[in-house]
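The values are calculated or read from the model by the stated rules, or taken from the named source; none is laboratory data. No experiment lies behind these values; they were computed from the predicted model shown. As a convention, Cβ positions derive from the backbone with ideal geometry for all residues, glycine included, and neighbour counts pool all protein chains shown.
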4 protein chains.
Amino acid sequence: MKVIVDLCVVPMGVGVSVGKYVVECQKVLQAAGLNHQVHAYGTNIEGDWDEVFTAIKRCHEHVHAMGAPRITTTIKAGTRTDREQSMQDKIDSVVKQEL
Amino acid sequence: MKVIVDLCVVPMGVGVSVGKYVVECQKVLQAAGLNHQVHAYGTNIEGDWDEVFTAIKRCHEHVHAMGAPRITTTIKAGTRTDREQSMQDKIDSVVKQEL
Amino acid sequence: MKVIVDLCVVPMGVGVSVGKYVVECQKVLQAAGLNHQVHAYGTNIEGDWDEVFTAIKRCHEHVHAMGAPRITTTIKAGTRTDREQSMQDKIDSVVKQEL
Amino acid sequence: MKVIVDLCVVPMGVGVSVGKYVVECQKVLQAAGLNHQVHAYGTNIEGDWDEVFTAIKRCHEHVHAMGAPRITTTIKAGTRTDREQSMQDKIDSVVKQEL
């Protein structure tokens, strides 16, 4: 089952600057070979359900290992059986209709 | 790794009444033996990370099998390494301080 | 326009224990006269759109005033024009079908 | 108070293709003069809290007026008092550290 995810990992108890934890999560996604795209309030990921959620778990493990005692993460996850749709397809469908 | 999750599964393309899909997800969580509690905008679940996310995947599979061609799900997931905390602990800590 | 909201306010840069900020938000909602119900991963609120979102803004203002330099909040917001539905109706519709 | 928001409006009861509703929301944001950027699972917006949330309410009103009887929306909202930060700053801080 393919999934498109929006992921926002928030480490708590480590101060206000969380950029290095976000960067670590990017590396985890990169190492997993998952197509992903950072935006201003999270990271979009597409891939096989199990691979994507294994990578999200690994993000939690890495961020805890970096010293964050608590993490709260928000995830949006979309699946569909009617047709294939990539992250780029979703953006294109909006941009095309705006023209 | 233990996790507390807030899960909100939204089937699309099946009309406005989605109660029966929510009920099906409750059954999936029940069958998984996971402690869970429905509220007005989702369901809280606590348990081992892998068991919880396996159940969430199964919710998507069941809701698609019931005929929903598209699903968008919102998940909040909290983990901590500093101490054990249950769903009831979280509620109690707020209620106690309000007194 | 009536709305049902799930609100989860996360103060950052104040350590791992955020209970007192959650309690402050409960007081804000109480003072606003809004029907609300805390759960293990947020608080559900129902009421007029403007009143609910004015209260959410006030939560941010109060939590900043308590010393949190950064806040990230997750909100789910549901509206419908087909019929009236309360938070309790939503829970009842699931519980009834489970029997 | 300035806010950065991630907005994902999901119309229910209108079938699986929701692109035209997303486009309508883009127009609402455009008309409000708000800086915004669509991504694969939502739209990021930055601006004054009141202006941003007034626009989000207008999105719900427009999408209902287009015929959607029910809407469920997910919002992430970030505020900070320690320093100014734009959407582009947030992306840059991650990209720079990845190099």
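Taken over segment A:1-38, the criterion of being closer than 17 Å to A:LYS57 by Cβ and among the charged types (D, E, K, R) is satisfied by A:ASP6, A:GLU24, A:LYS27.
Just one of the listed residues (A:ALA40, A:ALA65) is more than 9 Å from chain D (Cβ to nearest Cβ) and of a type in the set (A, V, I, L, M), and it is A:ALA65.
What are the residues in segment D:68-85 that are polar (S, T, N, Q) and either facing another protein chain (nearest Cβ under 8 Å) or on the phi > 0 side of the Ramachandran plot (or both), if any? Correct list: D:THR72, D:THR73, D:THR74, D:THR79, D:THR81. A single entry from B:THR81, B:THR72 fulfils the requirement of being buried (at least 21 other Cβ atoms within 10 Å of the Cβ), closer than 22 Å to B:ILE4 by Cβ and out of contact with any Asp or Glu (no Cβ under 8 Å at 6 or more places or on another chain): B:THR72.
Being within 26 Å of C:ILE71 (Cα to Cα), in contact with a helix residue (DSSP H, G or I) (Cβ under 8 Å, 6 or more places away or on another chain) and among the hydroxyl-bearing types (Ser, Thr, Tyr) holds for only one residue in D:THR74, D:THR43, and it is D:THR43. Of the strands (runs of 3 or more DSSP E) lying entirely inside segment C:1-59, those carrying at least 2 residues that are of a type in the set (Val, Ile, Thr) are C:2-12, C:42-48.
Looking only at residues of segment B:69-85 that are among the hydroxyl-bearing types (Ser, Thr, Tyr) and assigned to a strand (DSSP E or B), we find that the one that is farthest from B:TYR21 (Cα to Cα) is B:THR79.
Within segment C:73-99, being modelled with pLDDT under 95, of a type in the set (D, E, K, R) and closer than 16 Å to B:VAL9 by Cβ holds for C:LYS90, C:GLU98.
Would you confirm whether any residue within segment A:28-44 is more than 27 Å from A:GLU84 (Cβ to Cβ) and out of contact with any His (no Cβ under 9 Å at 6 or more places or on another chain)? Looking for residues that are more than 27 Å from A:GLU84 (Cβ to Cβ) and out of contact with any His (no Cβ under 9 Å at 6 or more places or on another chain), one finds none in segment A:28-44, hence no. Can you tell me which residues in segment A:38-58 are in contact with a Ser or Thr (Cβ under 8 Å, 6 or more places away or on another chain) and farther than 30 Å from D:LYS20 by Cβ? Hit for segment A:38-58 is A:ILE56, nothing else. As a summary of the residue check, D:GLN88 satisfies the conditions (1) of a type outside the set (Ser, Thr, Tyr); (2) outside any loop (DSSP other than H, G, I, E, B); (3) within 14 Å of chain A (Cβ to nearest Cβ); (4) in contact (Cβ under 8 Å) with a residue 12 or more places away in the chain except for the one numbered (4). In segment D:8-55, the residue that is farthest from A:ILE4 (Cα to Cα) out of those that are in contact with a Phe, Trp or Tyr (Cβ under 8 Å, 6 or more places away or on another chain) and of a type in the set (Val, Ile, Thr) is D:VAL14.
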